[in-house]
Each structure stands twice: as C-alpha cells, then as structure tokens.
Amino acid sequence: MPLLELDGVTRRYGALVALDQVALTVEAGEVRAVIGPNGAGKTTLFNVITGTVKPTAGRIRFAGRAIAGLPSHEICRLGVSRTFQITALFPEMTARENAQLAAQARHARRWQPFGGTRIFREAQALADAALEQLGLSAIADRPAGLLSHGDQRLLEVAMAMAQQPQVLLLDEPTQGLSVEETNQAVDTLARFLQATRMTVLLVEHDMEVVFRLAHRITVLHRGAVIADGMPDAVKADPRVQEAYLGGFD
Amino acid sequence: MSGQFRPSRRAMLKVGLAATATVASPAVLRSARADTGPIKIGLPLALTGALGSVGQQQKRGAELWAKVQNAKGGILGRQIELLIEDTAGNPANCVRKAQEMVERRDCRLLTGITLSSEALAVVPKLAEWDSIFISSDNGDGRLTAESLVPNFFRANISGPMGTRAVSLYLRSAKLQKFYALGLDYAWGHNSVQVFEQETTKSKKEFIGKVFAPTGTKDYSPYITKIRQSGADAVFLVLQGDDNNAFLSQAQQYRLPEKVKLLTEIVDLTSIRAVGDASLGLIGSSRYSFTYDHPLNAEFVALWKKEHNTVPDTFEGEQWQCMKVFEAGIVKAGGIEAAKLRPALEDIEIESVKGKVHIRKCDHQGVQQGFMVEVVKKPGFDTPVPEVIATFPGDETTPTCNTMTFKD
Amino acid sequence: MSTFGLLLSQFADALSQSALLFFLGVGLTLIFGLMRIVNFAHGALYMLGAFVGYSLAHWSGNYWVALAGAPMLVGLFGVAFEFSILRRLYRRDAHAFLMVTFGLALVVGEAVRLTWGSDALKVAAPPALSGVIFLLDEPFPVYRLFLAATGIVVAVAIWQFLERSRLGLLIRATSQNAEMANALGVDIKLIRSCVFGIGCGLAALGGVLAAPLVTASNGMAATVIIDAFVIVIIGGMGSFLGSLIGALLIGFVQVFGNYYAPDFALAFMYLVMLVVLVVRPGGLLGKEA
Amino acid sequence: MTGATRMKGATRMKGATRLICIVVLLALVLAPLGLPPFAMTLLTEAVILGLFAMSLDLMFGYTRLVSFGHAAAYGFGAYASGWLLLHTGMPLLFAVFAAGLLTGVLAIGIGWMCTLATGVSFSMLTLALAQLLYAISFKWTSVTGGSDGLAGIPRTIGPFGFAALSSKAGFYYLALGCLVGGFLVCFALVRSPFGAVLRGIRENESKTTALGYNTRLYKIAVVAISYGLGGLAGALYAPFAGFANTELLFWLLSGQVLIMVIVGGAGTLIGPVLGAAFFMLMEHQLSAWTEAWALYFGLIFIAFVLFAPEGIWGLATRRRRAHPRP
C-alpha cells in the first residue's frame, strides 16, 4: 500500500489551473523527485500536500488516511515534515534549539506550561541525533542566523528529521548554493538518505542532483503530470524533452 | 484685551519657584503641625489637558487671594502656603497628588479640584485623610446629595442651581417650546434632568433632549436635530472645547436666528474663543465681573492691577471659595478638621457675589443665582456677559440633600 | 424642513466631515505605507497646524495665508524631525518608532501649551466663506461646502501626484520594497524625509481647516488621534485609496448615526472597525499585514 | 540545569542578576517598616503598575503580539473588582482574584477575535475592542457609574474577620504578593515547553506552524494569561485608589503601559516592572517640579530610544549579555 497517494488533485486560482488532475503515488522508502519548468505547479503541489493550501478537488491519502483539507499543523503531526524554498529558521535561536523546537512539536505534552525538563531532554536527544546525521554537530551552539547559507539549508532538513517524519518534503534543498556547496550538500544528503531509508518527495531544478538522489521522477508541466518513471526512461521521453528543452509553445 | 493670550511663561516661573521652594523646604515637623507654621492649602488642579484653561483660572484666583491675604499677615497670624500640582485632569493623578499633600506635606485643607470625576474619586477618602475639601468648581449635583460626606463643602454654584436660575428666568420669558443638548457626562444628564422637571413644572413644553459624547468635533447632526424639533429655545449643558465647537458651528448654520440659545454656564474664555458667535447667548453665570457689588468692584480692580485683564468665571468662584476658607479658619481658630467642620457649617460671608451661606444640612453654599446675556459693550473688543436678572439664594438652591426644588 | 432637504444637508455635512477625516487619515497612511511606523504624534501635529494657522491668520490678517502657510511650516518641522531623529532608527525594530512618536506627541503638545497658552483661540473663517446658502429652504454654511470641495481637490491632487508624478512613483516603489528601490539608485533617505514631511503637512492642513469649526484648543490632539487610526485601519494600512474610503465611511456613519441613533454615538466608529477587521483583517484595501 | 539545557533566552538568570533580585525583593518585603506613609502609597501603586506592565510583556516581549489596547484588561479588572466590592461585600482577597479570573476568561474571546489578524491589524483590533469597552463603560451607567465611574470602593474585611489586608501595609503585601506570584508564573511559563513555542512564534510564526504547532491556540492562551494578570493589576488598583472610572480604559493608558515595557526593556519580565516604576515616579516628580513636565517627559523617551535601546534592564545587564542581540 503506497505511503502517499494523490488522485485527481486539482487546484484552481480563478481561471488559472495550478494543478490539473495530478495522480501520484510514493512507496515507503522511495525518493521521488518532482521536476518541471518554473510555474509548473511544483510548490503548489507541496502546499496542497502539507495543507498550507486547500485543493479545489481530488483526494490525498497518507498512510491510509484522507488528509485533503486538514489544517497544516495536523497534517504535519501525522508525520509529514517539509523544508521551504526560501530558508525558514529561528535566527536568534542556536542550531540545536531550532532542531529541539522542531522535535518538541511531536511530543504529547509540547504545550506544557511549566517545568518540562524531561520533554526538553527527549527533544534535545532527537535534535542532536538529527544534527549528527546532517553533519551539523560542530555548529550546534551557534545562532542559526549567523550560519552559512549551506549550513542553514541543511539545518532545515535536520529540523524536519528531528520530527521523525514518515515522509520528508524537500523544496529545492540546494537552491542558492554555490557549486562546491551543492556537491557537499548532495553528498551529505545521499549518505543520509541511504542510512535512513527515509521516504522523500524532492522538488529540484538541478538535474544532476535529481539523478543522484531520486529513485523515480515525476515531471509536471502546466500543472499536469506529463511523465512518471525511472530517471533514464523519463530522460528519453520525447514529451519531457519538448516541454523542457525545445517546443515552448 | 482682545483674544490675545495671557503670558503663561510668567505664571510658570512663579509656579516653578513656589514648587522648588516647597520641595527644598525641610521635612515638616510632625509634632507641632496643627497650631503653628504656615497654613497649607492643597490645590490638585488640571493645569494641562483639555480643561487646562479652567485649572489655570483656579490657580490664578487662589494665588491672588494668597498674595493679598499674606500681605495682611495671613490668617490667625500664620502665613498661607499654596501647594499647587498638575493632575492633567486624570482622577488617578488627582488622588495620588492629594494623598501626597496630606501624607507627605501634612496639608489637611483641599480645594480647586477641576473635574467632577476627580472630585468623586477624592471625596470618599476625606475621612481617612481627616481633611476638609471645599469645592470651587465641581457642578455635579450628587456631591451634595447621595455622595455627600461630612468633610466636603461646596462654595460654588452647582449644576442644578445654575439650571434653576435659567428656569426661573424662563417663567417670565415668552419662550414656550424647549429642546435640550447636554454632554454625555454626569453633569450633562444631571442638569438636563433638572431643566426638564422645571420646564414641565412651569407649564412650558419640553420637546426633547439629546446628549453628545465629550470630544465631539462635528455638531451638525445635533444642530439639525434642534432645528428639526421646532423649539424656540435650546438649553445647552456644554463646556470647554465642546461648548466652543457647538457655538462656532451653530452660528455658521445661523441657528441663533431661529432658536434662542440658553446655557447653564457662560464664561469669558469661551466667549473669547468663539467671539461674535456668542452674541445673544443667555445663560446662568457662576460669576461675572459685570455684577455690581462693592466687594466685586474692589476684586475686579485688584485683578486688573495684577493681570491687566478682567477676572473670569472660575477666578471669581475660586476667590469666593478661598474667602469661605478664610472665614471658616478664623471662626474655628485653627485648621483641624474636627474644629473647622462645625465652624464652616452655617457660616455666612459677604463675597464678590453678595451673601454666601454654607448650609448645615448638605454643606452647599446658598448664594444668588445670576442670569446674563452676552452683549457688545463699548470699551471691550470682545462681547461681555451683562447681568440681566438675579434670584435670591433660597429660591435657586435645591432642598436639602436633593437636586429638586420646592415651588 | 422637507425630508429631502434634510437628507441633502446631511449628505453635505457628511462630505465635509469626510474631507476633514481624510486629511487626517491620508497623512497617517502615507507615513505608515512608506515607513511602516504608526505615528502617535499625528494628533499633536494636527493641533500644531491649527495653532500655527491661528498665528499666521492673526499676524497676516488673512485666512488664506494661514491655510497655505501652516501645512508648509509643520511639513518642514516634520522633515527636520525625520532628518535629525527618525533617520537613525530605520535599522531598529518598530518599538523604537512607537516610543519616539509617543515622545514627540508629548513634546509638541506641551510646546503648544507653553507658546499659545491653555485657552482655546478663535480662528475665523474668511468673510467669503462665512455666509450661508439655502439648500431647499434650509441654511447650509458655505464653509462646509468649501471643506468638501477642498477634500475632493486634495484627494485628486494626491492621487495624481502618486500615480502620475515621478516623485509619486518613487514613493510607491519605496513603499513596496525599500531595499530594491535603494539598489536601483533611489535616494530612499530623501524619499522618507519628503513623505514624513508631506504626512505632517497634511495633518496640519486638517488642523487649519478644522480650526474655524472647533477653535484651536489643547484638547484637539487626544480626541482626533483615534479617528485617524480608525480610518486608516478600515481603509487598509498604507493604502491611499483605503484612507479615502475609510474617511467617507466614517464621515457618513458619524453624521447619520449621531442623528438617528445618538445613544450609540460613541461606539459607532469602533463597531464599524471591528466588523471590517473581522471580515478583512488587513482592512478593505490593505494587503494582509 | 540538570542534563537537558533549558531553552536559553533573555530570561536566563545569571548568578549576579539573581543575587541582585533577591536583595531587591528583601528590601521590598521590609519596606513598610522604614518608609514614610506617602512613600508606601507610591510604592504600592508602582507594584500594581509593575504587574500590569509585566502582564503586557508576556504578549509584547515574548510573542511579539503588540497590543494597543491593554488598558482593556486593567480597566475591566478595576471595574469588576470595584463592582464586586461595592455590591456584594465579598472579601477583598476573593474579589481581587475573581476579577482577575473574569478578565482572563473575557480575554479568551478577545484573543479569539484579535488573532484572526496578525501584525499591525492585530494591534488595531485590540485597540478597537478596548475603545468599545471604553464606550460601554460610558453608557452602561447602572453598572459602571457612567462618566464618573465607581467611587468609594471599600477594602472589605477578609474571610472570617481577617482584616490585615485592608490596612495600608497589609494591602501593600497583597499587591507585592500578586506581583511576585505573577512573576513566578510568567517566569515558569516562558521557560517551559509552552514558552519555547512562544519564542518560536516571536521569531518566525509561519515556520512554527509548519513544524506542527497550532500557533493560534498558543496566542489565544497568551492573550488570556496576559489579560488575566493585567486584570488582576486593575482589580488591585480599584480598592487601592478607591475608584474605577473610564480613564482606566482610555487608549492613553494603553500607550503608556507599552512605553513602560519598552523603557524597562521588553522580553525580560523584570524590565517592564522597572519601566512602570520609572514612568510613574518620573511623571509624578516631574509634574511637581514644573508645569511643563510633559515636554521633559517626551524628551526623556526620545533620549531613551536613541541612547538606551534595550531599556533600563538592558542597561543594567549589558555587561553580562552572552550573545549580542542583532
């Protein structure tokens, strides 16, 4: 039974159709990349899945539960964690505190108004583990606002991981990084995904990154899925080439 | 004497000096407080804020009295010391300042609280502070009715008394149909209610009433209501900025040509602020420098020498109030509340407004009621209030502890 | 008075009140739109405009000199204040502006009292505007028609200035994205000084025009600041058109409301504000703050 | 801290600061023995205003919820306790806490409505609701006493004849107890998991939502607690001054309490208490020295912004600040 299943998911903004009958299934442990030119609806797809935006039509099932239309904080608590295209962190908190607050969100008594030593201890353990996985232990005590851009992107992934999600949505994790920083980040991500067998939905432009990380690829064009399959098959598909390379009608 | 402003810098300098003197003065000797040393009178006044002009008048009135009295050797041979502080019209500041005067500077005599809301906040504390408060400007009828406390006295004309004077005047006037516009404020409701009772009692037609919130800037809806009502006269219970705004806008609508304006208070400051828009206004006055009485003539001359202008309403009222204080202290031979309170009860003095008798039963100063009309007079470049009728004190003062009148 | 005559004169009243409220609101909105600061001193500048107008009219004997001079002088004062104090606070968070404008309100309020005294001062409308015209058998002050007319003229002038003129374009650009505008070579320091000056000038214009109705008095500042906030919130913080709509809405609600239901006079404005904010939290034309 | 490091933040208690606080607390407890009567009156009012300013700091300093209508809490608390004391003769202790609780419950509604918006719109909604309460207090004469409010509010005897609280020193200890109690509640709150989420909301609310927190519930809770403590302060003021009237609901007080928090140092709990004392004592003393006190008062605020951005508490603890605030 697939972990995440989208069927006929549509999103209209008045006349503009941002998502057009999108069907998509992601198996547990699979790294699925979603690619497409700008404006293809990739970020809207993320927003619909995480509940930031309500779909106009269609069904979304996650781990057997229908989640279309639920508020974003509920979907997140079901085990769907995400990062953002534009880095979103808590600048004045240290890297560890950022991850700790993320981990605390899963705790049953996250809102306890007093004490909380035990809750902090558990959350901090998860945070340290996630930072370790992403190679960020060295900078755990530095304020997030003062980290390098590369480290900030990885910290966002670590925060998502600290929540022990079932599926991880990465929105262009290497966006805005230099070539050298991208390679370093991709190496870390590849090692990390190998080790954790985490199910990932990855939005990415850089085809090298996609082919290094993704098991399967879905291509979006003008809100519709035009191709779906293994990386090599998709690379050869004429419609993809037309949409991507030549025939911009 | 036209609309130019009084030089406030000089006044501030005097206050600055007086204030620094009192702050620097050695800590008051607790033991010998009552019988020797200066007689301290506290004035927590609204010197700034919306009612700043009233507070400033009270200050000038009290300062001149103290200057004249100290020149004559003070009272009972003791010099008078005024403790003047600014409350900015805020009851919280007023209670705190008054408490400081009582507790830190050992002053047991209070006067000159500008707003009724401030007075109502201070009055319940008088017993605890063992202090006497003689009001010189608060018009709220309840202060001498249900909210009366033994240590409170009122030397000034109250709201209901002013309204009563207007109603007595209207009995002989040919105006038949009346409307009323008051501030949505205890004093406003209080006086309009008395006016309504009085007009119905004198078989005249009371068409209706409306209340405007304090701080209203556009009075056109209320002017339209008055015009609509078909009344021949409208009774106004407004003060300060609201009064100035209404009178200016009413004149622009030519309302006075159709409806006679009657008001519960006429004072020079608002006449100066609106100029000719106040011409023809008829109303009761708490004090007018045009009232011919030997003591008033003497007071006006004294005032002209000091401020080279004529005294206004609250300067006259404050002067009279200090005269009551003076007489009370002399009669009691001291300033302790226990002796001063009985001395003040039933005391009678001759003041700038003629005879004033502090009634024993509700501590209200029984005094004449005046009706004035604002007219152009040679020798003055702004209109002045001319006294057109006076009514004896016992007719204009409500029956004991009430706000109603026996007829 | 026929009902139609009544409605006509109330409509004219509402227009004149909306004009006064618009002058207040548009200054506040321009300043907030560009500099994201809520100017607590706006009421004090409105009062300063009335008193400066009084002195100019008294000195020159001519209301028109006051009408032109007061906004100019107060505008210059605004520019000087922005240049000397506000300019050093742009890297700081919003608290700094809150406190500085609160301080400015206290300073201006007291300076007015010290200079002009605590008594209210008469500012007479010019003879030409003191007359009355008859709207269907009811006298209506010419001055209020003049107010309504000035409101429309100034509204169109500001609209054209923002839409058409080069400085207007730069102001709108800096409002949307100050860093980008700066990067494109726009001297945003100058723009901010101009806008703060214009905002203060407009508040003063409101003060001078209101003086013949309410006299120049110390109590003006406190009562008027709430009206300015309400208008700008209803219209949408930072939206010029929003402040126009907010002024019209409140002008009509007050004039008709106070006539037909005087008991609710005090609460009308806040009820309208609550309804608008609950329906559209950013205000009618504001972008989600 | 054992093992798990608590969420570090501005309220971390360094050794020296804690020592100073204990010494100051001791001085406050012993105050009634040494101070002359009027100084006690000022101190009691400063303590009450300190609680009021601290209650706003929970919203303003810790969650960046800028309230332009916090006077609503103070005024409502004052009217509630005034009405209870005047009409039910309930003991002072119960009336004060009941009024604070009532304000907190009312604030859940206020919080629900105001959190429909964020940023400046939130501030304006709080202003609108406070002004509505102000208008109601003017018109509902039968309950609120209209424009003159409630006067002659008694300090009724406590349960079973326990009258200590009604005396000047007794009332001071009640007020001090509420301030210290309020501080401990806030101090525990901001260092708890709940407080950590508040800090997240302050720094980046959308990220906090994305992490799975229903931030609107947290904000409503903060508004309720903040208004509740503010209401408790108002509830103490009514029997202290003996009156409650419309001035306590006027927007000017909302502006003043905001200034107290900023002058004192936002986000530190102790700062606003100092800010409140500074504001009140400065206003009181300045207006005794000169009639033009507002001019100097305004200049002091402008000077504070230019030269002491972090407020009094910031100045006091500047030397020991770990990482510089951006």
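The values are calculated or read from the model by the stated rules, or taken from the named source; none is laboratory data. Note that the coordinates shown come from a computational prediction; the quantities given were computed from them, not determined experimentally. All Cβ positions, even for glycine, are placed from backbone atoms using ideal geometry, and neighbour counts span all protein chains on display.
A few remarks follow.
- Each residue in the stretch D:273-303 was checked for being facing chain C (nearest Cβ under 7 Å) and in a helix (DSSP H, G or I), and 7 pass.
- Residue within the stretch A:100-119 that is more than 8 Å from chain D (Cβ to nearest Cβ) and under 29 Å from A:Lys42 (Cα atoms) present: yes
- Every residue from the stretch B:385-407 that is buried (at least 18 other Cβ atoms within 10 Å of the Cβ) and over 21 Å from B:Arg154 (Cβ atoms): B:Pro385
- Scanning the stretch A:214-224 for residues that are crowded, with 21+ Cβ neighbours inside 10 Å and either touching a Ser or Thr at 6+ places or on another chain (Cβ under 6 Å) or not in a strand (DSSP E or B) (or both) returns A:Ala214, A:Gly223.
- Of the helices (runs of 4 or more DSSP H) lying entirely inside the stretch B:220-276, those containing at least 3 residues that are within 11 Å of chain C (Cβ to nearest Cβ), among the small types (Gly, Ala, Ser) and out of contact with any Asp or Glu (no Cβ under 8 Å at 6 or more places or on another chain) are B:240-252.
- Checked against the criterion of being more than 10 Å from every other protein chain (Cβ to nearest Cβ), in contact (Cβ under 8 Å) with a residue 60 or more places away in the chain and buried (at least 23 other Cβ atoms within 10 Å of the Cβ), the candidates D:Gly158, D:Gly182 yield just one match: D:Gly182.
- As a summary of the residue check, A:Val34 satisfies the conditions (1) part of a strand (DSSP E or B); (2) over 21 Å from A:Val209 (Cα atoms); (3) of a type in the set (A, V, I, L, M, F, W, C) except for the one numbered (2).
- Only one of the numbered conditions (1) at pLDDT 95 or above; (2) part of a loop (DSSP other than H, G, I, E, B) is violated by D:Ser67, and that is (1).
- When B:Lys339, B:Lys355 are screened for being on the phi < 0 side of the Ramachandran plot, part of a helix (DSSP H, G or I) and of a type outside the set (A, V, I, L, M), only B:Lys339 passes.
- In the stretch C:266-287, residue surrounded by the fewest Cβ atoms within 10 Å (Cβ to Cβ) [restricted to those that are of a type in the set (A, V, I, L, M) and under 17 Å from D:Leu249 (Cα atoms)]: C:Leu271
- Residue check, A:Ala95 in contact (Cβ under 8 Å) with a residue 24 or more places away in the chain and surrounded by fewer than 22 Cβ atoms within 10 Å (Cβ to Cβ): no
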